[in-house]
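Each reported figure results from applying straightforward, stated rules to the coordinates on display, with no laboratory input. Just so we're clear, the structure is a prediction, and the values are computed from it rather than from any experiment. All Cβ positions, even for glycine, are placed from backbone atoms using ideal geometry, and neighbour counts span all protein chains on display.
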Amino acid sequence: MAGPGPSRGPADAAYAGLVRPLLLPTWVVIGILMVVPVALMAVYSFLTKEFRGGVEWDFTLAAYDQFFVTRGLFGDEPAQIEWTYITIFARSIWQAALATGLCLLIGFPTAWFIATRPARTRGVWLFLITIPYWVNLLIRTVSLKFLIRETGPLNESLMAIGLIDSPLPLVNTNLAVQLGLFYSYLPFMVLPIYAAVERYNFALSEAAADLYASRWATLREIVLPVVRPGIVAGMILVFVPSLGAFLAPDLLGGAKTFMIGSLIDEQFKGSQGNWPFGAAVSMILMSMVMVVLLAYARAQGRAGR
Amino acid sequence: MKGVRHYPGFLAMTLACLLVLYAPLAVVAVYSFNGSTSITQWGGFSLRWYGDVFTGPEAGRFGQAAWNSLTIALIASTTAAAIATAAALAMIRGGAFHGRQASFALINLPLMVPEIVIAVSTLIFFSTVGLTTGYLTILLAHITFCIPFAYLPIAARLEGIEGTYEQAARDLYATRAQAFRLILLPLMMPGVVSGWLLAFIISLDDFIITNFVKGAGMETLPTAIFGSVKQGIKPNIMAISTLMLGVSVLFVTAAYLVNRKGQKIP
């Protein structure tokens, strides 16, 4: 999240007098349709739920209470920590972290390989990596499900060549969800690392090699520290959307792989829903994401100084 | 020279990466030409599922959904590109002004807030102000989250255009409006076009936010497909998917070519 960048002098301030009218549409649209709604969501998380879905304007902490505290089935036992939702959050963090790790494992070598191609072919490689990102996420997730399902082409071909005897039950497992997240956000990992490696000064590697460092020692001691900002950016770009993802867990997972996105989604469906609770869960998710982004912005600021 | 750039196995990883990215899409594309009604058995090459998409029992539903998706994407991306172009002029050519940092944060806000949170808050907003969910609410939500996607390429392009061109026009007695229309806008055009294309695809792609604010009976292509897939993956879904895949690839290729052609600024 780079800053707006410096403005560069009088020749570049030709529209200085028009700044207000030019920015007005942005302020109005994003202000009314995003800032106000998020503030309203914060208010809703303190309201009382209505039975037909919706809210009553009575302020209460019930939604947060429901998230963190249990008082037994009939509400008459001493208050204890409610683990159901904390477990769902922990699982989401774990799944998102594993997907991020998987993306890094495949994404780094890919980014490095592309960045070390001749300038002529680099664009084509990058283009190949970015195309899938522009294909509808739903279609990509459905395609993945089609490929890895029990009687799908993956299992069929693995059985045909005799690698496995019975189909691997991949769908509805944690692994399937991780694969789905990995598949959804892989380009987000490759692109920032690519940008960092492209700026990397290979003379550093040559100096290390001259001093008898092995290839892998060079990678570990020289390359990784230098391109770290790209790696961190990639990890955030994968981790943050994975945390609140809905499609991959919903289509590829089952009841045991329930994640934050599905938990929120459920609260707004029909009369079974609980809007204040859904708003509270969204607030908790957004706070977590904001903490990650602010920590990143601060680290960036320190590195830039 | 070349030695330090080479790491054994990295080519294999890259190919694995591409395999993972393309295998599911390729498999679905191949199976969309399957002549059999079963999705597991191969019944020879056939276009029957493409015919089914346009004339089959679900053709009306998907046709309406596709129309909604396309018109929403068209209006949302055009509006977002216009708003983003104005914003980019202020941010890049507005010099230093009070609230620049805040404006920058605001433009990028839709990228920072998790999608599902945008969905929830937008639904709560529409419900509070009493706007019935439907076509209009989808459109408003799409315009909002398309703005940063349109902004990024437009601002990047504008940053690369030196102020001297407009300065020369102004020195030759062009009004500011003329300098914009005849000089700056044509130079900005590749950025505006790729911003518009990006916003268009992002709008077409959206499922989560649309699913929250669409209301009953209103469908876009992704929500209609999602509804069908819940009952199992049928061959006509694979044909629709392959068609949408084709449209996306076409658009991205166009954006790529426009950008490359526009790379050189005179």
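In table form, for the structure just shown:
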| quantity | calculated |
| --- | --- |
| Gyration tensor verdict on the stretch A:217-301 (Cα atoms; rounded if a/c is under 1.5, prolate if a/b is larger than b/c, oblate otherwise) | oblate |
| Rule-of-thumb Rg ratio for the stretch B:1-69 [Cα; 2.2 N^0.38 Å; N residues] | 1.82 |
| Where Cα atoms sit under 15 Å apart: lysine pairs in the protein assembly as shown separated by 8 or more or lying on different chains | 4 |
| Peptides ranked, highest mean first, by Cβ atoms within 10 Å: ranges A:34-40, B:233-239 | B:233-239, A:34-40 |
| Contact order relative to length of chain A, as percent, for alpha carbon pairs under 8 angstrom and 6 or more apart | 26 |
| Under 17 Å from the A:Val69 label point (7 Å along Cα→beta-carbon), backbone N, the stretch A:80-118 | A:80-86 |
| Residues B:Leu74, A:Leu219, B:Leu47, sorted so that the one with the fewest Cβ neighbours within 10 Å comes first | B:Leu47, B:Leu74, A:Leu219 |
| Value of relative contact order over the stretch B:1-91, rounded to a whole percent, pairs C-alpha under 8 Å and six or more apart | 12 |
| Anisotropy class of the stretch A:84-267 from Cα gyration tensor, a/c 1.5 cut | prolate |
| Where N is the number of residues in chain B, Cα Rg divided by 2.2 N^0.38 Å | 1.24 |
| All Cα pairs of the protein assembly as shown, percent lying beyond 32 Å | 51 |
| Cut-off 12 Å between beta-carbons: net charge of the residues surrounding A:Ala280, Lys and Arg +1, Asp and Glu -1 | 0 |
| Top of A:Leu224, A:Leu128, A:Leu18 by mean-square fluctuation, Gaussian network on chain A, Cα under 10 Å | A:Leu18 |
| Kyte-Doolittle mean at least 0.5, axial Cα span of 15 Å or more - DSSP H helices of chain A | A:19-30, A:83-115, A:119-134, A:137-148, A:174-199, A:224-243, A:275-304 |
| Charge tally in the Cβ shell below 13 Å around B:Val252, where Lys, Arg are +1 and Asp, Glu are -1, B:Val252 excluded | 0 |
| Peptide A:189-202, shielding by other chains (average Cβ, 10 Å cutoff) | 1 |
| Order by protection proxy (mean Cβ within 10 Å, highest first), peptides A:261-271, B:188-198 | B:188-198, A:261-271 |
| Cβ-defined net charge surrounding B:Phe180, 13 Å radius [Lys, Arg +1; Asp, Glu -1] | +3 |
